[in-house]
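Comments concern the structure below.
Bear in mind these aren't lab numbers, they're just calculated from the coordinates by the rules spelled out. Just so we're clear, the structure is a prediction, and the values are computed from it rather than from any experiment. Cβ: placed from backbone, ideal geometry, glycine included. Neighbour counts: every protein chain shown.
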Amino acid sequence: MLVTDDPAVHQLRSLLTLAEELHFGRAAARLYLTQPALSQQIRTLERRLGVQLFARTSRKVQLTSLGHALLPLVRNVVDAADELRNAARHPSDDADALVLRVGLTDCAAALAATRRVIATLTTLHPGLEVDFQVLDLVEQATALTVGRVDAAFVYLPVPDGFETEPLTTEPRVVCLPAADPLARRPTLRLADLSGRPTVSLAPEASPVERRFWAMDPRPDGTRVRYTDHQVTRVESLLSAVSFDGAIAFLPAVAAELFPRPDIRYRTVADLAPCTFGVVWPERDGEVCRGITALADVCRRLRDQGGLPPGTMREPDEDPSTAQHPAGDDGFGAGTTGGPGGGRSVWD
């Protein structure tokens, strides 16, 4: 087959989304496309690359073996395009300005610990500019490795080679389809979930992350059976649970952040909790001033007990009236507004 054109970045994004969902309808909805338009994009991409990326039947969509092999390269191209766009949108006016590039997922952005740390950091260090970048579940580690961000708010564990400052601890819960008989029980045990397939993260996720969030192996030594998905975002993970009858484990705060009528979140009595924190790459030489300041704020707030788990709103609190007055040392900085002093790729 003759290849005449290079693939477009938007076509590569479509490939990544379809690889996550393995369903044209759901992928098209995420991309704000019609299903025929998405199908046309994928066909055009396959023609331009000269390969078949997906095997399609009337019942399901699957990546071909070559499609699996090309995914890491596709992600690299899309990440590079994002980095180029971000650099163009946020040029530095002062080469000597102190800028800290912080990565965080959609989930991390809503947590009280994230808001309190950033608000306190920018209060105590007004000359520090914080540049936020939204990351998916895979990028939260890879973006640090390639130097796209300096530090990131993530759920631990992370691979070797990173420094960590734990902030909060919370339970993990299991996500089940609403129609699952187990969803009628308020509390489960891991043995109840034996044999249920677990939604697979994209292969770029580190093995330590994949094993922790899948509880693989289970306490009895049983290895987990994974689905064929290539998930990088929580919403895609929940769609896979809903449509394909799989399960997934998430922090308990997910029940508040991602309520869905087709999903139930249930306590698992013998499931270990998870820890949320800040991470940055280990360095042999001197750590930059921005990371030093961030690590110091994390330690001081944690030691003072000022970092409750959960979101920036208490369960019974009206967010329109919530107030958090600042203390004399700046470590009571408010959490109801955006991360003050920062610049965001959401803007």
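Here are some notes:
- Potential extension, R218-R289 segment - 0.36 nm per residue separation minus Cα distance: 21.4 nm
- Full extension of the chain between V208 and V9 yields a length gain of 68.6 nm, computed as 0.36 nm times the residue separation minus the alpha carbon distance.
- For the pair L84 and D228, label points projected 7 Å from Cα toward Cβ lie 3.3 nm apart.
- Separation of the R185 and A55 label points, Cα + 7 Å toward Cβ, nm: 3.5
- Counting only the Cα atoms, region 172-272 fills a convex hull of 93 Å³ per residue.
- P(r) weight above 14 Å for region 9-88, C-alpha pairs, percent: 62
- Amide H partners (placed H, <5 Å) of D131, local residues excluded: L100, R101, V102, R343
- Near T64, the amide H atoms lying under 5 Å from its own belong to F54, A55; only residues 5 or more places off or on other chains count, and H is placed 1.01 Å from N.
- Extension gain, Q62 to E282, is 75.4 nm, computed as 0.36 nm per intervening residue step minus the present C-alpha separation.
- Dimensionless Rg over Rh [region 164-211; C-alpha; Kirkwood]: 1.04
- Taking a point 7 Å out from the Cα of R299 in the direction of its Cβ, the residues of region 161-180 whose backbone N falls within less than 17 Å of it are 163-168.
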